[in-house]
Amino acid sequence: MKTGMIATLAGLTVAASASATFTGYVVTSQAASNSGQSLTVYTVWARFNGPTDTVLNAFNLAGVAGSSMTGFWHKDNAYYNSGILSQEFGTWNPSQTGSVPNNRPFDSYLTIGGLANPTNTTNADPSWTSGGNADARSWNRPDLPTNGTLGWFNSNPPSNQGRVGLTGNTATDVRLGQFVLSANDSAARTYSLTIGYNDGVPGSQVAFGSGSFSLPTPGAIALLGLAGLAGRRRR
């Protein structure tokens, strides 16, 4: 598994009065294969420095500098997909991912912490049906609308699924999404994103952090370019 730190402190905006501190986005990647298709699975995390920091929502997801909003693989139980690996059909809803061994490792989804399973309480906000190339499908679509305001939230905050250290997260990182691309897809994808979070104490002030992440990481893009150059030289 590869790990890259994507956001720097200079790119963050955080409410100074909150004790929880968002320190950046982290992207991990892993090679996979399904249905004869070679894949790269990227997981995006929000990193914190407090023991109970909790993400509540994510919003204003937008492509930077013409980044692609398409090309994602899904393998979920969307009503029009039925668990088939596809770039044409699928949903970003984590509660519709389906089988843990057969679907979840190969499915693109968005979440506020936790794991992609039927008990996940992440929902899409209204931004999916307004502006850009949005339509009535909301997040039941394989691509990402281009309106620059996409958001999702924990519809049951007492569940604390967005808290560091709980199932699906790590001691420092909260899971925000999984993006599955073809292994040979080297298109640069950089996205900006803002999250709302607090220190996990009921009634505590909500803070906001902003940054960006890339799929693949900038270093991986450079390596892919070098690999292509080496391939041309061998011919």
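Each value in this text was obtained by applying a stated rule to the coordinates, not by laboratory testing. On a predicted model such as this, the values are computed, not experimentally measured, just so you know.
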Completion exercise
Sorted by chain and then number, the residues having a modelled amide H within less than 5 Å of the amide H of Asn169, at least 5 places away or on another chain, are Gly114
Handout entry: Centroid-to-centroid separation of the range 80-116 and the range 125-189 [C-alpha atoms, Å]
Key = 12
Handout entry: Built amide H within the under 5 Å cut-off of Gly50, gap 5+
Key = Thr21
Fill in the blank from the handout: Checked the range 27-133 with the C-alpha gyration tensor, a ≥ b ≥ c its square-rooted eigenvalues, rounded below a/c of 1.5, otherwise prolate if a/b is larger than b/c and oblate if not; verdict rounded
Handout entry: Rh (Kirkwood; distinct C-alpha pairs) - the range 93-156, Å
Key = 12.3
